[in-house]
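Accompanying notes for the structure given below.
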Amino acid sequence: MEKIKVLIVDDSSFVRKALIRIFDADPDIEVIGVAISGKEAIEKVPLLNPDVLTLDINMEGMDGLETLKIIMESHPLPVLMVSHFTKQGAELTLKALDLGAMDFVDKSTAGIMDLSDLAKEITSKVKSIAGNKPVKIGQRVKPLPSKKDKGLVDVVAIATSTGGPLALQMLLPKFSKDINFAILVVQHMSRGFTGPLANRLDTMCDIKVKEAEEGDIVRPGVSFIAPAGLHMTVKKVLGPEFGFQERISLGDKPFEELHKPSANVLFSSVAHVYGKRSIGVIMTGMGSDGVKGLGAMKKAGGFIIAQDKATSAIFGMPRVAIENKVVDKVLPITSIAEEILSRV
């Protein structure tokens, strides 16, 4: 198997050296060059033809976003954003994903002078995006014409990982605010990013989109994004005036799940509370999170949709669900909303 060829783009000599050490320690990855500016990166990409580009956002002169935009227009390839997180940085990272970057690593989660704690995350993400075709968001999506639903579904539960922000931007805006079901979303992201993602989606959607909070009432026309670092479940609780209500619960348990939030945890909770009055959707992402929970939903009578390979940035989570025979229908991202609306 040929090594994955990586071009590192960062104006910090320390970061460049740290990334070289991380990649040199992995037998499957080869650093074929470095660039200290956006201009140099644009010149080197067609000459070196890397499999993956790692790109910083904050650089002197031409920043990472402008660099990314030009590269995606002239020589599209898988790009991993590796940058420091701030509130503004989170918003810029989401813009980078819109432009075609496939994933990101937050450098600020490690010590200022040590990226070694991020080595596993960085190398695994490089391997996961290598060989995949980047996509960028097109025209703004408009809500589908509303029609009176049959009242058959109370909740749609969605799980996604790598490539998810773009997929969500293509899916959620298709729902009008008068839908008669709630939408619960698990998106694998670093802490501090799910809030800005929810805010960004809210500006694009007719429905309300918010980062979930403890005790939120699960109500129609609202999409709740699970906060990074916490599992999201639904519980029936006795309300002060209206009898039993479905409310959001956030917590650390179970500890054994690889991801937090976990799609398995959400889907299992939805299966228990909603049963056949639910739809599960598994979209682009690496790994196998969600398959156990989808099995529980299907057993309880829920309908399961998986995003197809052609429109997935990473066909990992959907593929595993399909192989485990817990999926009822496989669809491109452009058809998932229509399928959901035909079943509610």
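The values are calculated or read from the model by the stated rules, or taken from the named source; none is laboratory data. Remember, predicted model here, so these are calculated numbers, not experimental data. With ideal geometry, Cβ positions are generated from the backbone for all residues, glycine too; neighbour counts draw on all protein chains shown.
Quick rundown of the values:
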{"read-out": "Unique match (being farther than 16 Å from Val186 by Cα and of a type outside the set (Asp, Glu)) among Gly301, Gly251, Gly280, Gly293", "value": "Gly301"}
{"read-out": "Odd one out for Ile8, checked against (1) among the aliphatic types (A, V, I, L, M); (2) in a strand (DSSP E or B); (3) in contact (Cβ under 8 Å) with a residue 40 or more places away in the chain; (4) within 25 Å of Leu197 (Cα to Cα)", "value": "(4)"}
{"read-out": "Residue under evaluation Pro27, criteria (1) more than 20 Å from Pro76 (Cβ to Cβ); (2) out of contact with any strand residue (DSSP E or B) (no Cβ under 6 Å at 6 or more places or on another chain); (3) in a helix (DSSP H, G or I), criterion not met", "value": "(3)"}
{"read-out": "Complete set of residues in the stretch 42-69 that are within 18 Å of Ile122 (Cα to Cα) and either surrounded by fewer than 16 Cβ atoms within 10 Å (Cβ to Cβ) or in contact (Cβ under 8 Å) with a residue 60 or more places away in the chain (or both)", "value": "Asp51, Val52, Thr54"}
{"read-out": "Selection count, the stretch 11-41, where residues are over 14 Å from Ala119 (Cα atoms) and either of a type in the set (Phe, Trp, Tyr) or touching a residue at least 40 places away in the same chain (Cβ under 8 Å) (or both)", "value": "3"}
{"read-out": "Every residue from the stretch 43-68 that is touching a Gly at 6+ places or on another chain (Cβ under 8 Å) and assigned to a strand (DSSP E or B)", "value": "Leu55"}
{"read-out": "Residue within the stretch 100-113 that is of a type outside the set (Val, Ile, Thr), in a helix (DSSP H, G or I) and surrounded by fewer than 17 Cβ atoms within 10 Å (Cβ to Cβ) present", "value": "yes"}
{"read-out": "All positions within the stretch 215-234 that are free of Cβ contacts under 8 Å to residues at least 40 places away in the same chain, surrounded by 15 or more Cβ atoms within 10 Å (Cβ to Cβ) and assigned to a strand (DSSP E or B)", "value": "His231, Thr233"}
{"read-out": "Checklist (1) of a type in the set (A, V, I, L, M); (2) over 23 Å from Asn199 (Cβ atoms); (3) assigned to a helix (DSSP H, G or I) applied to Val153, failing item", "value": "(3)"}
{"read-out": "Conditions (1) in contact with an Asp or Glu (Cβ under 9 Å, 6 or more places away or on another chain); (2) modelled with pLDDT under 90; (3) within 30 Å of Asp10 (Cα to Cα); (4) of a type in the set (Ser, Thr, Tyr); number of the one not met by Thr123", "value": "(2)"}
{"read-out": "Leading residue by the ranking (nearest to Val330 (Cα to Cα)) among those in the stretch 269-286 that are in a loop (DSSP other than H, G, I, E, B) and either within 20 Å of the chain's Cα centre (by Cα) or outside the structural domain of Ile333 (by TED's automatic domain parsing) (or both)", "value": "Met283"}
{"read-out": "Some residue of the stretch 181-202 being surrounded by fewer than 24 Cβ atoms within 10 Å (Cβ to Cβ), within 25 Å of Gly275 (Cβ to Cβ) and in the same structural domain as Met286 (by TED's automatic domain parsing)", "value": "no"}
{"read-out": "Criterion: acidic (Asp, Glu), under 19 Å from Phe23 (Cα atoms) and not in a strand (DSSP E or B) - qualifying residue of Asp206, Asp117, Asp202", "value": "Asp117"}
{"read-out": "Search result, residues across the stretch 132-180 that are at pLDDT 85 or above, touching a Leu at 6+ places or on another chain (Cβ under 6 Å) and surrounded by fewer than 19 Cβ atoms within 10 Å (Cβ to Cβ)", "value": "none"}
{"read-out": "Single unsatisfied condition, Glu338 versus (1) within 26 Å of Leu258 (Cα to Cα); (2) in contact with a helix residue (DSSP H, G or I) (Cβ under 9 Å, 6 or more places away or on another chain); (3) surrounded by fewer than 21 Cβ atoms within 10 Å (Cβ to Cβ); (4) of a type outside the set (Ser, Thr, Tyr)", "value": "(1)"}
{"read-out": "Complete set of residues in the stretch 172-188 that are in a loop (DSSP other than H, G, I, E, B), farther than 24 Å from Glu214 by Cβ, touching a residue at least 60 places away in the same chain (Cβ under 8 Å) and not hydrophobic (A, V, I, L, M, F, W, C)", "value": "Asn180"}
{"read-out": "Flag for Lys136 being farther than 24 Å from Ile70 by Cα and basic (Lys, Arg)", "value": "no"}
{"read-out": "Residue under evaluation Val237, criteria (1) surrounded by fewer than 21 Cβ atoms within 10 Å (Cβ to Cβ); (2) under 17 Å from Lys292 (Cβ atoms), criterion not met", "value": "(2)"}
